[in-house]
Amino acid sequence: LSRLLCPQVKAFITQDIPLYHNLEMKHLPGADPELVLLSHRYEELERIPLSDMTREEINQLVQELGFYRKETPDAPVPKEFQFAPARPLPTLLPHQALTTDGKTLPKHDEGEHPDL
């Protein structure tokens, strides 16, 4: 870890990341710490800088994004959270748009990441 890394971010990286399912740390020398959200196809969805956040704020953020936090690093992950933070498609409603193959696409508010 960089010697310039904020103690709050360093504590999150070393102590909290192992508790989250599907959350990985990738160290890039000289890079500012950021949370990179990827789709199930490993396409980048968003980058969130972490440098100015507290450990508590980062934990709150990743939980709001839907990452499952285990009690201990080796604790089992319940079946319903195996793919977390990916969200299942919502029940399709009649007002939703149709694709060319006749399937409906769910509408998402801007800022939502259904592929997480």
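The values are calculated or read from the model by the stated rules, or taken from the named source; none is laboratory data. Remember, it's a predicted structure, so these values are computed and weren't measured experimentally. FYI the Cβ positions are ideal-geometry reconstructions off the backbone, even for glycines, and counts take in every protein chain you see. Surface accessibility is based on the protein's heavy atoms, side chains included, excluding ligands, DNA and RNA. Shrake-Rupley method; radii C 1.70, N 1.55, O 1.52, S 1.80 Å.
Among the residues of the stretch 39-70, what is the count of those that are in contact (Cβ under 8 Å) with a residue 40 or more places away in the chain and assigned to a strand (DSSP E or B)?
Residues that pass the stated criteria total 3.
If I go through the stretch 35-64 residue by residue, how many of them are open to solvent by less than 80 Å² (accessible area, probe 1.4 Å) and either closer than 14 Å to A86 by Cα or among the charged types (D, E, K, R) (or both)? Full working, then the answer.
Step one: filter the stretch 35-64 for residues open to solvent by less than 80 Å² (accessible area, probe 1.4 Å), giving 35-39, 45-46, 48, 50-51, 53-55, 58-59, 61-62.
Among the residues that remain, those that are also either closer than 14 Å to A86 by Cα or among the charged types (D, E, K, R) (or both) are: 37-39, 45-46, 55, 62.
Number of matching residues: 7.
Report yes if L28 is under 25 Å from C6 (Cα atoms) and surrounded by 15 or more Cβ atoms within 10 Å (Cβ to Cβ), otherwise no.
no
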